[in-house]
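Notes follow the structure.
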Amino acid sequence: MPMQQTPNIVYIHSHDTGRYIQPYGYAIPTPNLQRLAEEGVLFRRAFCAAPTCSPSRAALLTGQSAHSSGMLGLVHRGFGLYDTEQHLLHTLRRAGYFTALAGIQHVFRPEQLAEARYDFVREDAGQAEVAARDFLTNAPRQPFFLDVGFNETHRVGTGFHREKEAAQNPVDDRYCRPPAPLPDTPETRRDMADFIAAAARLDRKIGVVLEALAAAGLAENTLVIYTTDHGIAFPGMKCQLTDHGIGVSLILRGPGGFDGGKVIDALVSQIEVFPTLCDLLSIERPPWLQGNSMMPLVRGETDHINDAVFAEVTFHAAFEPKRAVRTARWKYIRHFDERHRPVLPNCDDSPSKNVWLDGGWREQVVFAEELYDLLFDPNEAHNLTGDGDLSSVLTEMRERLDRWMQSTADPLLKEALPVPAGLLINDADGLSPNEPVTTWDTMSTT
């Protein structure tokens, strides 16, 4: 469907939501996101480029791997973009867009945010929907890019919300099912019930934004993008390179073919969002982009644009260098340190984490390499690197990962990592991200 005029863009993103929302089949009522999916296009196999907060967002907004953008870890721990001009907002500004930010962004350091020169900024994370509604009520005449960031499904301490909010939004944990990596216990069910309540609040706030868009008469000519940074903040999920960690929701609705309730099963990475917008808006593609446009999928011209997608972790709370490649059937993960134990500070504290810790999680072995057959083992529980019958598959996946790391100049291939001075990190042998931090220059890189 051809566009009548340059569309507005509303980019809505949430913290730690994964695919745990109603449109992906979970018993988590999110009616506004369900409606968005039924009116737009839902990608069933979308993945982030890094299952940690700042690296994931940086990859999406610069259209390249996290390590290529410079975001090897969290912005509030010291990392930042190598080149802030590579952020999507600058390409859109040059194309005539008014740029606005409502809520969290987690990519620019404070001094970089000032240099970014958004035309409108209200960073109150708890009131992102109010800031977005106020902007949309008085939206400029020129096309605009509105970045709306929510944190409702991000843990606060060990939970998702204060007790008062829980009382206002009760979810009966007796009828909850914890996420796939976790055992079904009273603790994990209660934890999941709290997540469901948080997801409901997120959905209501997204509904405020969508209603404001419609009330202002802007919905028809606005491309709405909803996604999240990575998997949910439960053990074995966020900060992990299995699909539990890198699988994300991705829903787009608006002009240019993003309508009709389409569901697309092709492998896509969030680095595809930037080139897709270039294609949709007929903007020249910047030379640093590494992804492919999703428009051929949306137009029905092909059923795939990628043979594989890639993901990475270098730093989160602690140093944990690892990389992964995923094809339609296979997942290969390589760890680049020599610990061979879980890096527990990279898992948010929670009742579910305590269940694993009480069961001996700290002593579990982490293999240097992992290979999973996603057809017969979608939960990635059975490492097949020792299966001689799959030696050719293992070789192929190793070579895919090597080629990607070389083509993107992955800093793990260098003798020293390019880390900022005074980088704050946790001890990888610790238990919690809330333990005392130290600076990178006092620690070994292995």
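What follows is calculated from the coordinates using simple rules that are stated; it is not laboratory data. Predicted, not measured: the structure shown is a model, and the values here were computed from it. Using ideal geometry, Cβ is built from the backbone for each residue, glycine included, and neighbour counts are taken over all protein chains shown.
Between ALA421 and GLU363, the contour length at 0.36 nm per residue exceeds the Cα-Cα span by 17.6 nm.
Work out which helices of the chain, taken as complete DSSP H runs, extend at least 15 Å along their axis over the Cα atoms and score a mean Kyte-Doolittle of 0.0 or more, then list them.
Within the chain the helices that satisfy the rule are 186-215.
Each residue, SER392 and ASP441, gets one label point 7 Å from its Cα in the Cβ direction; the gap between the two is 5.3 nm. Per residue, the convex hull around the alpha carbon atoms of the range 8-298 comes to 120 Å³.
By the beta-carbon count within 10 Å of each Cβ, the least crowded to most crowded order of SER293, SER392, SER14, fewest first, is SER392, SER293, SER14. Note on ARG117 and LYS262: with the Förster distance fixed at 41 Å, the Cβ-Cβ geometry gives a FRET efficiency of about 0.70. Placing a label point 7 Å from the Cα of SER407 along the Cα-to-Cβ direction, the residues of the range 66-83 with a backbone N closer than 18 Å are 66-69. For ARG285, the amide hydrogen comes within under 5 Å of no other amide hydrogen, counting only partners 5 or more places away or on other chains and with H modelled in the peptide plane.
Of MET397, MET71, MET294, MET405, the sequence from fewest to most neighbouring Cβ atoms within 10 angstrom is MET405, MET397, MET294, MET71. For the pair ARG329 and ASP124, the difference between a 0.36 nm per residue extended length and the Cα-Cα distance amounts to 69.6 nm.
Pairs of lysines in the chain whose Cα atoms sit within less than 20 Å of one another amount to 6, provided the residues are eight or more positions apart or on different chains. If you take the Cα centroid of the range 416-436 and the Cα centroid of the range 37-54, the two points sit 28 Å apart. Exposure proxy shown here: for GLU435, GLU284, the number of other Cβ atoms within 10 Å sets the order, fewest to most, as GLU284, GLU435.
Compared with the alpha-carbon gap, the fully stretched path from ALA180 to ASP303 is longer by 41.4 nm at 0.36 nm per residue. For the range 230-275 versus the range 181-198, the inter-centroid distance based on Cα atoms is 23 Å.
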